[in-house]
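Can you read through this structure? Questions will come right after.
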Amino acid sequence: MADSDPAYAVRLLASVGECDAAEWDALTDGGNPFVSHAFLSAMEDSKSVGERSGWLPTPLVIDGPDGRLAAALPAYVKSHSQGEYVFDHSWADAWHRAGGSYYPKLQIAAPFTPATGPRLLTPEPALAAPLLRAAEQFCVQQGLSSAHATFIEPAQAPLFERAGWLLREDIQFHWENRGYASFDDFLAQLSSRKRKDLRKERAAAQAGVEIRALRGDDIRPEHWDAFWHFYQDTGARKWGQPYLTRKAFTLLGERMANQILLVLAFVDDQPIAGALNFIGADALYGRYWGALVDKPFLHFELCYYQAIDAAIALGLSRVEAGAQGGHKLARGYEPVRTISAHYIVHEGFREAVAEFLAREREGIVGEQLYLGTRTPFKKG
């Protein structure tokens, strides 16, 4: 096995930035922007992760016989459960009531990003097991209560399950591109009433507004300045403190401009609202939104309908519009199960969590089946 082979060495780093960018990115297929060296190092260099936010970078890597990176785990030691979108607050409360310390814990994730993607970064499947064992050993040695890998791409879930990690499911709403040539093609698949509703919403949102979809060099510093104000307003209302710093947007623009789609709404040439998307190999990922005005349906237009337009134009198979939001269902976004994996150090607590997850899973299955009957598509 690779983990017992002296030719492979496991290391604990203090940042993704310590790694060569080309070596790190060679561990992935390049399809998911949130596990790229550019994104993760931008989070570090902008101080969005670190002491300020309580996300301390702790990537685990395996070096191959040639000294180059062979595998990696993007991981963070955390003293809270904020910015994860897979809620374990009840677990923390239960463990504290029992006299234990749930924090710190290890979070294997793309920071602040509820988007499905690989968490075991390696082209060599045999290295998945030693990566997970290294994470488990780190928890035990450092006195951490647990490790949590969130929004795992479905193909990797069996790797965690075989390692004995507990799997958890939740629901998001994704839009699926069924070979549409245009937004009207998509609308044609909806029931008559829903089709009329969406057209009315788009017309109301676009009235008196100019919408610009910006990418690459078209995104200028003044656009990021405007979006920063939108993001701060939304972040302050939703989370109390926005996760990303202003510098993060500058760095993302410098390092990932061609993978970013920034949709802005203007009135009299002044930006009043915006939505930030990331472009993957096969998906468009909606991430942040904000507005300085309260205009009916503008949120739906910028975040959902413009994303559909872009996915069709770019030939992408789906739009992942972020966590939660049952209102997405009426806009053609369908329920999809998401997966997380959890390693609990304490055996008794692990058994209690396993029982909880078994009960919760039954509810998730039923909820997805119910929501599937509530989509706006034509029946039969």
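Under 6 Å between Cβ atoms, at least 6 apart or on separate chains: pull out the pairs that start in the range 271-291 with a residue that is under 17 Å from Thr113 (Cα atoms) and open to solvent by 10 Å² or more (accessible area, probe 1.4 Å) and end on any residue that is of a type in the set (Phe, Trp, Tyr) and modelled with pLDDT under 95.
Tyr288/Tyr231
I'd like to verify a number: residues in the range 254-270 that are within 18 Å of Pro33 (Cβ to Cβ) and touching a residue at least 12 places away in the same chain (Cβ under 8 Å), how many?
The number of residues fulfilling the criteria is 9.
Would you check if there is a residue in the range 30-52 being part of a strand (DSSP E or B) and not acidic (Asp, Glu)?
Checked against the condition, which is being part of a strand (DSSP E or B) and not acidic (Asp, Glu), the range 30-52 yields at least one hit.
Of everything in the range 140-155, what is open to solvent by 20 Å² or more (accessible area, probe 1.4 Å) and closer than 16 Å to Arg337 by Cα? Give them in sequence order.
The answer is Glu153, Pro154, Ala155.
For Thr113, indicate whether it is in contact with a Phe, Trp or Tyr (Cβ under 6 Å, 6 or more places away or on another chain), assigned to a loop (DSSP other than H, G, I, E, B), of a type in the set (Val, Ile, Thr) and touching a residue at least 12 places away in the same chain (Cβ under 8 Å).
Criteria met by Thr113.
Could you list, in sequence order, all residues of the range 198-213 that are under 15 Å from Asp184 (Cβ atoms) and aliphatic (A, V, I, L, M)?
Selection gives Leu198, Ala203.
Being within 19 Å of Ile152 (Cα to Cα) and open to solvent by 40 Å² or more (accessible area, probe 1.4 Å) is the filter here, so list the residues in the range 355-367 that pass it.
Matches in the range 355-367: Ala358, Glu360, Arg361, Val365.
Okay, residues lined up against (1) under 22 Å from Asp170 (Cα atoms); (2) open to solvent by 10 Å² or more (accessible area, probe 1.4 Å); (3) touching a Leu at 6+ places or on another chain (Cβ under 9 Å); (4) among the acidic types (Asp, Glu):
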site	(1), (2), (3), (4)
Asp63	no, yes, yes, yes
Asp66	no, yes, no, yes
Ala75	yes, no, yes, no
His89	yes, yes, no, no
Leu106	yes, no, yes, no
Ala110	yes, no, yes, no
Thr113	yes, no, no, no
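The values are calculated or read from the model by the stated rules, or taken from the named source; none is laboratory data. No experiment lies behind these values; they were computed from the predicted model shown. Please note: Cβ atoms are built from the backbone with ideal geometry, for glycine as well, and neighbour counts cover all protein chains shown. Please note that ligands, DNA and RNA were not included when accessible areas were found on the heavy atoms of the full protein model with its side chains. Shrake-Rupley method; radii C 1.70, N 1.55, O 1.52, S 1.80 Å.
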